[in-house]
Amino acid sequence: MAQLSDDCFAAGEAPMTIEEAVALVERRVCTVAGIETVPLARADGRISAVDVRAPGDLPPFDNSAVDGYAVRHAALAPDRETVLPLGGRLTAGVSAEGVLAGDTAVRIFTGAPMPRDADTVFMQEDVRAEGSRIALPPGLKPGANRRRAGEDVSRGDLVIPAGRRLRPQDLALAAATGFEGLAVRSPLRVALFSTGDELTDPGTVLRPGAIHDSNRVMLGALLRRLGVAVADLGILRDEPEPLARRLAAAAEDHDLIVTSGGVSVGEEDHVKAAVEAVGRLSFWRLAIRPGRPVAMGQIGRKPFVGLPGNPVAAYVTLLFVVRPLIARLAGQTLAPPTPQPVRAAFGYRKKPGRREYLRVSVAPGADGVVEAQKYPKDGSAALTSLTESDGLAELLDDATGVSQGDTIRFYPHALLW
């Protein structure tokens, strides 16, 4: 299993911006995922491991784009109707070897190969058949309704770049250019824990002071949407030595360890001490709300991420910080998510020097412009602020607030994952 260099996450003590955190990942983290070849039917959502180049032209031969009649443009009268005898007949899937248009009109169907000397196709609805003769109107340009060999893809063209998460249309292009399988990155193996004595598994009867563990369910689902293989390793109790042993064991056969909870500065937040007992921790105090206490480090040479315990904070930091890390480890070329401009239908004040994400719902205003309404509950423990909102409004670091009518940046939940 590939490993990272020692202390690849080492950074300063000042809170980092999201851009600084992602830039550190880009500089210091390498791809660790292996490579395997899978059939196209199993390649959707996988990450291309190599550049894929076309072994031949697409289409592989000149062909007709319509049902109609193939002719030599030179055989047409430039300013009046041309009447030509009906020549051969070509359908899709047959060879055009030995078929010449000459001074005839060859009946041809969509996808059929063009006669070697023909360069133009009349649509069947634009001509008039007179027995075995075809009347062709003037004015059609040379090359009309003909698809040239290689006009979509030429031999040697890059059709799928390395690092792309494969989509159905990528698989269609690979199939059309002759591939039956593709080299892809093996899924990252991610160990997922929750931490905290207050947590209990969903479905169990709550004892006094306990809550059901929702983070592990949410984070596991989000991680799977990122294409990784998640090992749900349960709940780690607030006991430093057993916690350290479990983390060290997870590092033996996983590519990344992710926990939630226990990374703040309280007396019962034991993750920091546990990680430092078996590895190295470089705290990333992010200049972000919600989500400031995010810990990153290494256990051996395997990366470790400790997310906040509050679910909204865990959601936001997984999206904007952990996803770029996973992409880097997995060999994926990841573009930052693109926000949509919307109009604020609320006012809000914030402190400069940190990025803030507000849960908002969007709808057209009275004038038809899409506007965002802030969810009334601000708390980072309020799961309904995720389920009852449409996405996140981003307030940049130097902003001091939002006034009603301002244009703000909006990330829809539906497009983030």
For Ile288, residues with placed amide H under 5 Å, excluding near neighbours: Arg355
Extension gain, Asp197 back to Ala77 (0.36 nm per residue minus Cα-Cα distance, nm): 34.3 nm
Under 5 Å, built H, 5+ apart or other chain: amide partners of His270: none
Within the stretch 85-168, GluC sites (Glu not before Pro) in DSSP loop having at most 14 other beta-carbon neighbours inside 10 Å: Glu97, Glu151
Alpha-carbon centroid distance for the pair the stretch 338-417 / the stretch 119-156, whole angstrom: 54 Å
Percent accessible area from carbon and sulfur atoms, the chain, protein chains only, probe 1.4 Å: 51 percent
For the stretch 261-417, share of DSSP beta bridges that run antiparallel, in % to the nearest 5: 90 percent
In nm, spacing of pseudo-spin labels at Glu388 and Asp232 (7 Å Cα→C-beta vector): 2.7 nm
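Could I get the Rg over Rh figure for the stretch 311-417? Both from C-alpha atoms, Rh via Kirkwood, rounded to two places.
For the stretch 311-417, the value is 0.98.
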Principal axis dimensions, the stretch 105-183 - Cα atoms, whole angstrom, descending: 56, 20, 20
Per residue, the convex hull volume that the Cα atoms of the stretch 143-242 enclose (Å³): 160 Å³
Built amide H within the under 5 Å cut-off of Val153, gap 5+: Leu58
Modelled FRET efficiency - R0 45 Å, Glu239 with Ala175, Cβ distances, 0.05 increments: 0.25
Karplus-derived 3J(HN,Hα), 6.51/-1.76/1.60, for each residue of the stretch 187-195, Hz, glycine and proline x: x, 5, 9, 10, 8, 10, 10, 10, 10
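Mind checking the full-extension length gain between Gln404 and Ser361? Use 0.36 nm per residue of separation minus the Cα-Cα distance, one decimal, nm.
The Gln404-Ser361 span can extend by a further 14.0 nm.
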Theoretical gain in end-to-end length, Ala381 to Val369 [0.36 nm per residue, Cα-Cα removed]: 1.2 nm
Listed pairs Lys302/Lys377; Lys302/Lys350; Lys272/Lys377; Lys351/Lys377 exceeding 26 Å between Cα atoms: Lys302/Lys377; Lys302/Lys350; Lys272/Lys377
Per-pair calculated FRET efficiency, R0 = 35 Å: Ala92 and Ala249 via Cβ, rounded to 0.05: 0.05
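Could you state the accessible area per residue of the chain in Å², with a 1.4 Å probe and every protein chain left in place?
Result: 47 Å² of accessible area for each residue.
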Spin-label pair Asp152/Ala129, simplified geometry with 7 Å Cα→Cβ offset, distance in nm: 2.9 nm
Value of Rg to Rh for the stretch 57-206 (Rh from inverse mean 1/r over Cα pairs, i.e. Kirkwood): 1.39
Helix-only CD estimate at 222 nm, as mean residue ellipticity for the chain, using -39500 (n - 2.57) per DSSP H run (n ≥ 4): -5000 deg cm²/dmol
Share, in percent, of DSSP beta bridges within the chain that are antiparallel, nearest 5: 70 percent
Mean Cα-pair separation over length for the chain, i.e. relative contact order, pairs under 8 Å, 6 or more apart, %: 17 percent
Antiparallel bridge percentage (DSSP; both residues within the stretch 122-261; nearest 5): 20 percent
The chain: proportion of alpha-carbon pairs further apart than 42 angstrom, %: 38 percent
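The values are calculated or read from the model by the stated rules, or taken from the named source; none is laboratory data. Here the structure is a predicted model, which is why all the values come from computation and not from measurement. Cβ atoms come from the backbone with ideal geometry, glycine included; neighbour counts cover every protein chain shown. Only protein heavy atoms, including side chains, enter the accessible area calculation; ligands, DNA and RNA are left aside. Shrake-Rupley method; radii C 1.70, N 1.55, O 1.52, S 1.80 Å.
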